[in-house]
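Reviewing the structure listed below.
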Amino acid sequence: KAGVTQTPRYLIKTRGQQVTLSCSPISGHRSVSWYQQTPGQGLQFLFEYFSETQRNKGNFPGRFSGRQFSNSRSEMNVSTLELGDSALYLCASSRDYSYEQYFGPGTRLTVT
Amino acid sequence: GENVEQHPSTLSVQEGDSAVIKCTYSDSASNYFPWYKQELGKRPQLIIDIRSNVGEKKDQRIAVTLNKTAKHFSLHITETQPEDSAVYFCAASNPDYKLSFGAGTTVTVRA
């Protein structure tokens, strides 16, 4: 089975712009979680989607949003980018009723 | 919400020695505790996990222990090798599948 994929892998944006990141889960996985990883901060949970519904949400501002499509692919959007949004954004997928999460390679976002 | 604390933040060991990383969690409802290894420039990889109804689990040179009463769990790596050098993250999941991570431990194995 192919692993979790994320596009694009690298992105450079200017402060104030918006960005959309994409995540394709492992085939058959319906849960997709998103994390922000910054040096020294570990992985901060953004949100989780299951069967097109947001099931869990972290403590990020409303500028961060997401959605999931019927094929389980997920997108996350960040509006009005700030310098502090520069980070590695990771998504992870899991099977129904499983706690095991498998990560994608991440999208490196740089905001200038 | 869940708060996971991880110690130490950095760990340097001599090749062949053991490494121990400790984590505590706050939510008594948490029932799943995975450990991830992240090598430089790569994605986190699940290396071992433990569920709340188990006290200890071992897989070759790595083992994890869980003390539910004290709300802490630990990763033990024996006979460390250079390829064990990486950042290790502990995490705790509540029954609703929300995973909270510790801040990570950078392990360096000295040859």
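Things worth noting here:
- Averaging Cα coordinates gives a centre for the range B:18-73 and one for the range B:78-110; these two points are 8 Å apart.
- Split chain B at each of the trypsin sites (Lys or Arg not before Pro) in a DSSP loop with at most 14 other beta carbon atoms within 10 Å, and the longest piece is B:62-111.
- Cα→Cβ-extended label distance, 7 Å offset, between residue B:81 and residue A:52, nm: 4.7
- Neighbour cut-off at most 11 other Cβ (10 Å), DSSP loop, trypsin sites (Lys or Arg not before Pro), the range A:67-96: none
- Here the 3J(HN,Hα) profile of the range B:84-93, calculated from phi with Karplus coefficients 6.51, -1.76 and 1.60 at θ = phi - 60°, is 7, 5, 4, 9, 10, 10, 9, 8, 9, 10 Hz, Gly and Pro shown as x.
- Taking every DSSP bridge with both residues inside the protein assembly as shown, close to 90 percent are antiparallel.
- Cα convex hull of the range B:27-75, projected area averaged across orientations, nm²: 3.9
- Rule-of-thumb Rg ratio for chain B [Cα; 2.2 N^0.38 Å; N residues]: 1.01
- Projected label distance in nm at residue B:71 and residue A:80, using a 7 Å step from Cα toward the beta-carbon: 3.5
- Just so you know, the Rg over Rh for chain A is 0.95, from Cα atoms, with Rh as the Kirkwood radius.
- Average partner coverage of B:87-95, which counts Cβ from other chains inside 10 Å: 2
- Whole-Hz Karplus values for the range B:31-44 come out as 9, 9, 9, x, 10, 10, 10, 10, 7, 4, x, 10, 7, x Hz, taken residue by residue from phi with 6.51 cos²θ - 1.76 cosθ + 1.60 and θ = phi - 60°; glycine and proline positions read x.
- Chymotrypsin sites (Phe, Trp or Tyr not before Pro) restricted to the range B:16-73 and DSSP loop, no more than 13 other C-beta within 10 Å: none
- Under DSSP loop assignment and at most 15 Cβ neighbours within 10 Å, longest GluC sites (Glu not before Pro)-free interval of chain B: B:40-78
- Our estimate of slack between residue A:12 and residue A:41, defined as 0.36 nm per intervening residue step minus the Cα-Cα distance, is 8.3 nm.
- Each residue, residue A:67 and residue B:45, gets one label point 7 Å from its Cα in the Cβ direction; the gap between the two is 3.6 nm.
- For the protein assembly as shown, the spread of Cα coordinates along the three principal axes comes to 49, 36, 34 Å, biggest extent given first.
Quick note: the coordinates plus some simple rules give every number you see, no bench work behind them. Worth saying up front: this structure is predicted, and the values here are computed from it rather than measured. So basically every Cβ, Gly included, is an ideal-geometry build from the backbone, and we count neighbours across all protein chains shown.
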